[in-house]
Amino acid sequence: MDKITGKQNQLIKDTKKLLVSAKARRDARSFVLEGARLCFDVLHSFYTVALVLVTADCMARYPAECARLCDRADRAVEISSEVADKLAETEHTQGIFCVCKMPEENPTIETGRFIALDGVQDPSNLGAIARSAEALGIAGLLAYNCCDVYNPKALRASMGSLLRLPVTVSHDLREDLLLYKAEGFQVLGTVPVDTAAKITETHFTKSSICVIGNEGNGISQGVKQVCDDLVTIPMKGRAESLNASVAAAITMWEMIETAYWVWLQCALGEGAAVQPLLEEFGSAKAVYDANIMEWRMTSALTKYQVQHLESTPLSAADKVLSTCKQQGWQMLPYDHPDYPRLLRDLPDPPLVLYVDGTVPDWNRQLTLGIVGTRQASAYAVQVCDIMAKGVAGAGALVVSGGALGIDSTAHKGAMLAGGTTVAVLGCGLGTRYLMQNEPLRAEIRSHGALVTEFRPFTPAGKHTFPLRNRLISGMSEGLLVVEAGSHSGSLITARCALEQGRDVYAVPGSVLSTDFAGTNDLINDGAYVVTQPVQLLSGYAERYHLDLNRVPSVQQLLAAEQDPGANLPQTSKEYDFERLEEGRQRLKKRRENQALLTAAESAVLAALPEVFTPVDQVAAKAAMPQGQLLAALTKLELLDLAESAPGSRFRKK
């Protein structure tokens, strides 16, 4: 990799010009991203990366991400901290910049829901609208007479949404809207006036364009004239901000559409074979709008299901919608862009998924399921920990069921590797179940998501777990079974995986132990044998652009092994009293060491999470300068109260 230390280097001057000048960006057909989040987000976009400028400190902090980004770029250059400070448009630089190529062609609008921007000149407003639009599943933006969408301030305000959302530039918004109307689009203008139609009483079609004007003047008169309707939101007081107004409009629009999916779920229940119904009618709203004769005539519904559709009012969805809104839980109906694409292939896909946490990038990220017994042996726990760390560190999303034993180990291993994990629950969000794992669920929320198809507060039961198991395998490209007896519930998940056409992997176990009878039978029936993490990834490397050379071996992971700490049931099968006494003595020593800490060091210990976290995040939580923090962390490590990992990451022991 080349290295630049001088601020007057021509490459640095050209990059700075792209950061500050819209004309330079237009002439070069290039733009610059600054900061780790935006630069790493481009890995999941369609943009060509022409140049990466990165400091040694940033490469040490984010080794895996920087390596992937540099591999993708046409050229990568190491720069000094002084050069990074010169380039930075933010107060605190993170030491990484990407020069990306603008797309050659203007994206086209075909079908879906879009937002048209009429004269939005403020970069921060543009970024905020893009961020809201992506979060709500809007298909793209149509921009007319707006500020430069590649303005660094707009890109930062969008938190990467402008990289992921297609942005079509319009040269005549009025004429373009007329063309889209001729193709069947509904065009609505948002205005904060009481005489406009209420959004709650507006019917939205599948292909719609919602127009937003600028803060000062609103929508231009010519554009208003071609709108099918002007809409507003019933609010207390005046809505001075058009952006706030349209954000509320989009939210209600989304909620109205989601209500039909929740209604259908209430009527048919979880696990219903709805694929034929959706293929015939197209959407939940189309099912709702159909008459009783159409329901009775279709072969996609049973007589029992028709009776339930008749007896379930649309208002049945109201409590679910209000509960999720109050709790901050996300709802992903079947037609949502963020709904897992692999689940759409199932004959019985969930009509709605409920999410607590951050929706993962499961439609572009390799997703692997890891399951096994709750009564896990020490061998199985260690193997599961190694496999989860290996695949998560390579960029795979680890999915499991949030249960004790193997599930807990899989989730923890993924988080310890700095990866993302999803726990698919066999109950509704908000249900008090398996409280022993509540701390683990809290960590999963911070490093992924809790996901379920059961409506909020649905209790767990014997019937809910087999339904849950089909989703673990359904949203995974491959499923690894670590340890399972001949009657283990994990074999239900494996059977689901086979029926769904997923790859099934198994860890070989002792032929003398009935605890491994199920996994050994899977191997006999054709499951792939796994003894190294790379074996789980090799079949997907090309599709997901995985670098298999970077995947650590079992031996490498063992050398750096941390106690996986699986949440095992109290009736564990193996007892080692010598190790138990060692653990007690170690805990006693740590308590004694804590008494030696200063107030500042105690504050750092309290701020440390139980999973490896970048030092800058720990510094922010502890409200302490990094220099003082690093000194405290060094002492905590020496006292066996904390431990570090590559990339300047730390956790509490």
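List of remarks:
- Per residue solvent-accessible surface (Å²) - the chain, probe of 1.4 Å: 45
- Only Cα pairs under 8 Å and 6+ residues apart enter the sum, and on that basis the relative contact order of the stretch 63-155 stands at 26 percent.
- The R344 and E438 beta-carbon pair, evaluated with R₀ = 25 Å, returns a calculated FRET efficiency of approximately 0.20.
- Projected area, mean over directions - the stretch 1-139, Cα convex hull, nm²: 9.5
- For the stretch 42-103, the set of chymotrypsin sites (Phe, Trp or Tyr not before Pro) satisfying both a DSSP loop assignment and a count of at most 10 other C-beta atoms within 10 Å is given as F46.
- Per-residue 3J(HN,Hα) values for the stretch 508-515, derived from phi via the Karplus relation 6.51 cos²θ - 1.76 cosθ + 1.60 with θ = phi - 60°, read x, x, 4, 6, 8, 10, 5, 5 Hz in sequence order (x marks Gly and Pro).
- The chain, relative contact order in percent, only Cα pairs under 8 angstrom and at least six apart counted: 9
- DSSP-defined antiparallel bridges as percent of all bridges, the chain, nearest 5: 35
- Rounded FRET efficiency, nearest 0.05, which uses the C-beta distance separating R590 from E175 and R0 of 56 Å: 0.20
- For the stretch 65-95, the residues whose backbone nitrogen is under 16 Å from a point 7 Å from the Cα of Q8, taken along Cα to Cβ, are 83.
- Look at [x] 32.6; [y] 35.6; [z] 38.3: the one that is mean projected area of the Cα convex hull in nm² derived from this structure is [x].
- Inter-probe distance in nm under a simple model that places probes 7 Å from Cα toward Cβ, at E110 and Q307: 4.4
- Available extension along the chain between T598 and H463 is 43.3 nm, counting 0.36 nm per residue and deducting the alpha carbon span.
- Sequence-distant residues sharing a close amide H with R113 (under 5 Å, placed H): A139, S208
- Span-like helix check, the chain: no full DSSP H segment qualifies, none having both a Cα axial length of 24 Å or more and a mean Kyte-Doolittle of 1.6 or more.
- Pairwise FRET efficiency - R29 versus A606, Cβ, R0 = 51 Å, nearest 0.05: 0.55
- Computed helical MRE - 222 nm, the chain, DSSP H runs ≥ 4 contributing -39500 (n - 2.57), nearest 500: -12500 deg cm²/dmol
- Beyond 22 Å in Cα-Cα separation lie the following of the pairs K3/K153; K153/K181; K3/K389; K621/K653; K13/K153: K3/K153; K153/K181; K3/K389.
- Square roots of 5 times each gyration tensor eigenvalue, C-alpha, the stretch 604-653, largest first, Å: 14, 12, 10
- Normalised by 2.2 N^0.38 Å, where N is the number of residues, the C-alpha radius of gyration of the stretch 345-403 stands at 1.34.
- Over the Cα atoms of the stretch 464-545, the radius of gyration divided by the Kirkwood radius equals 0.98; this is the Rg/Rh ratio.
- Evaluated with a Cβ-only charge set (Lys, Arg +1; Asp, Glu -1), the chain carries a dipole of roughly 1100 debye about its Cα centre, given to the nearest 20.
- Of all aspartates and glutamates in the structure, those lying under 16 Å Cα to Cα from K303, and not within fewer than 8 positions of it along the same chain, are E294.
- A simple count of charges around I109, restricted to other residues whose Cβ falls under 10 Å of its Cβ and scoring Lys, Arg +1 and Asp, Glu -1, yields -3.
- Around D2: net Lys/Arg minus Asp/Glu count, Cβ-Cβ under 11 Å: +1
The values are calculated or read from the model by the stated rules, or taken from the named source; none is laboratory data. These figures come from a predicted structure and were not determined experimentally. So basically every Cβ, Gly included, is an ideal-geometry build from the backbone, and we count neighbours across all protein chains shown. These accessible areas exclude ligands, DNA and RNA; they are computed on the full protein's heavy atoms, side chains included. Shrake-Rupley method; radii C 1.70, N 1.55, O 1.52, S 1.80 Å.
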